[in-house]
Structures are given as C-alpha cells and as structure tokens.
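Note sheet for the following structure.
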Amino acid sequence: MRTLLIVNPNATSTTPATRDLLAHALESRTQLTVAHTQHRGHAAELAQWASTQEMDLIVVHGGDGTVNETINGFLPVPQVGDDQVWRPRLGIIPGGSANVFARALGISPDPVTATNQLIDLLGRDADRRIGLGLADDRWFTFSAGVGLDADVCEAIDVARAKGRKATPARYLRTTVRQFFRARRADPRVTVEVPGHDPVDEVYYAFVTNSSPWTYLEDRPIRTNPGTTFESGLGVFAVRSMSVTRTLLLARQLLAENGNPKSDTLFRVDDVPSVHIETPEEIGLQIDGDFIGKRKMVHFTSVPGILDVVAPKPS
C-alpha cells in the first residue's frame, strides 16, 4: 500500500513526538511518503500529486482546514466527468483545535489513540463510504454557513494571524461579540429548499453534512440531529436575533438529546440541495474556514463519494 502522510506542522495539537509515532506506525504497514505543508493550499497540491501518482491512501495529520484542503485537492467535483480520476482512501489523525470531522466519524481526538485506531482499521481493511456536501464547486465535510458563523471564523482567522491560538474560550468570546454586532443588521438572507416555500428575512444559516455540527470543548452541538454522512444535508436558518430566543435555542443545541425547535427557526435534516441568496454580500465559511463573501451559494449533497478509514456507524 502506497501512502502519503500530509502533516500540518503548525496545527494546534501536532507535536514532533506524535508525528514521529505516526510515521513509524505507517512505515511498518505501508510504503510511506511524508510531506509537511508549507503554506495555505499546500495540502491540496500534495493531495492532487498523490492522486496523479495513484497512491492508495492519504493520511492527514492536522485540523479540519487541512483535511478540507486535502479532499478538495484530489476529489473532483461531479460536473467534471471524473470516472477516470484516481481516488485514494483517506485517513485522519486529529491535530487541530476542534477536529470536528474526525470526531463525527468516531475517530479519537487523541492523536496517539487515533494512530492505533487507524492501524487497526487498516489491518482489517475497514473503510467507510460517506457523502459530502458541495458549496458551489468546493467540497465540505461537516458544515458550511453564511452570516454569524462565517463572521466568527473570519475573526478567528485574524486572531490566528496575530499568533493567538484558536481555543474554545476564544471561539465562545468571539461568537458572543459577533452576535451582538450581527443583531444590529437587517435579516436579508433567503433560503430555498426543494419541497418548501422560500424562507426570507434570515439572519444566518448553517448547512450541515453530519451531526454533531461542532463542539464546545467536549460537548457536542447538534443543530440537525437527523443529518448523517449517509443522508442529505441539514438546514438550520435563524430568523431572530433576540437574546432571550437565542439563549433558549442555545440550550436546546447543547442538550444531550437536543432536537432544536422554534417558531423563528427553519430546520430540515435531510435535503438534496439548498440555495442561499442575499442582495448584499455575506460571509461564507466552509468546515470552519472563512472563504470570503458571496451574494449567492448553492449547496448540494453528493452521497457515497469518499472512502475514509473510520469506524462504521453502530
């Protein structure tokens, strides 16, 4: 088995000791090539190279952003006509601050435990085929969104550029600050889902491909509990920025068996596509990374498109 190990040395929880352990473990089972990312977008370049070399497996040791880059590097979008493109399997060893995708797949957040888990699954040739979401022409693994969460991701990126770590506490503080800024604006987003009337006057919306959507430290946050990697997309569109209503909604999101409902919330858990439009540009985030501002985004569910080395759902 020919394997490319992509390591983001700047990810929050990667260490030289863990990288060496992972490399040693993979070298004992596979023909290994190790590459360290050196700039934004480098993981995509490395993954594309691995695909052209018809490598069997790509293992990513980094955060959600590095995983997203990797997938977008080797997995063609459906419109391209991709029958002849080589698709490696994907393995993940968490190395970021949140590691939402890996945790949603049942991969341990501890890198050493996750390494042992990966080697065990490789030995049993155990893969899981999952669906992904597509935001226009870019893949996302667990979530995309416009409005509030994109503003938070943009602010976190700015903090990172200044050398500040993306800790759960920083995410929480940033979310509160951005919430009070966003509530002063008019709700101008329109959400369109097949089989439903258009929903207008939306402040912000999440489009998810799994549940949980994210974590507050070890506590999962579930916006769309009926959404899985084997189903369509989940939509969570909020039409109120009232502090009281937001706190009530947050309480539902954090509940162990949360099933959020509100008369100011539009939520569906299994849809094939979502169209979001706004007269003025609004922020877009994909898998926790701020992408930029758009007036229009079309989201599509693409089932059974990626083979990952991960535990199968119980």
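The values are calculated or read from the model by the stated rules, or taken from the named source; none is laboratory data. Keep in mind it's a predicted model, so treat the numbers as computed, not measured. Positions of Cβ are generated from backbone atoms using ideal geometry, with glycine treated the same way; all protein chains shown enter the neighbour counts. Heads up: the accessible areas ignore ligands, DNA and RNA and are worked out on the full protein's heavy atoms, side chains in. Shrake-Rupley method; radii C 1.70, N 1.55, O 1.52, S 1.80 Å.
Scanning the stretch 149-162 for residues that are in contact with a Gly (Cβ under 9 Å, 6 or more places away or on another chain) and open to solvent by 20 Å² or more (accessible area, probe 1.4 Å) turns up D151, E154.
In the stretch 194-212 there is no residue matching the filter, namely being free of Cβ contacts under 8 Å to residues at least 24 places away in the same chain and under 25 Å from G91 (Cα atoms). The requirement of being surrounded by fewer than 23 Cβ atoms within 10 Å (Cβ to Cβ) and over 25 Å from I305 (Cα atoms) is not satisfied by A44. Looking across the stretch 47-65 at every residue that is open to solvent by less than 30 Å² (accessible area, probe 1.4 Å) and assigned to a loop (DSSP other than H, G, I, E, B), the one that is farthest from P109 (Cα to Cα) is identified as M55.
Residue-by-condition table, conditions (1) at pLDDT 90 or above; (2) open to solvent by 80 Å² or more (accessible area, probe 1.4 Å); (3) in contact with a Leu (Cβ under 7 Å, 6 or more places away or on another chain):
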position: G226; (1), (2), (3): yes, no, no
position: G234; (1), (2), (3): yes, no, no
position: A250; (1), (2), (3): no, no, no
position: S273; (1), (2), (3): yes, no, no
position: E280; (1), (2), (3): yes, yes, no
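Residue pairs whose Cβ atoms lie under 7 Å apart, sitting 6 or more positions apart in sequence or on different chains, and linking a residue in the stretch 251-263 that is outside any helix (DSSP H, G or I) to a partner that is open to solvent by 70 Å² or more (accessible area, probe 1.4 Å) and not β-branched (V, I, T), are S262/R245.
Please verify whether I286 is in contact with a helix residue (DSSP H, G or I) (Cβ under 8 Å, 6 or more places away or on another chain), under 26 Å from S97 (Cα atoms) and buried (at least 21 other Cβ atoms within 10 Å of the Cβ), treating the condition exactly as stated. For I286, the condition - in contact with a helix residue (DSSP H, G or I) (Cβ under 8 Å, 6 or more places away or on another chain), under 26 Å from S97 (Cα atoms) and buried (at least 21 other Cβ atoms within 10 Å of the Cβ) - is met. For the stretch 194-212, a residue qualifies if it is open to solvent by 10 Å² or more (accessible area, probe 1.4 Å), in a loop (DSSP other than H, G, I, E, B) and either more than 13 Å from G234 (Cβ to Cβ) or modelled with pLDDT of 95 or more (or both), and the qualifying residues are P194, G195, H196, D197, P198, Y203.
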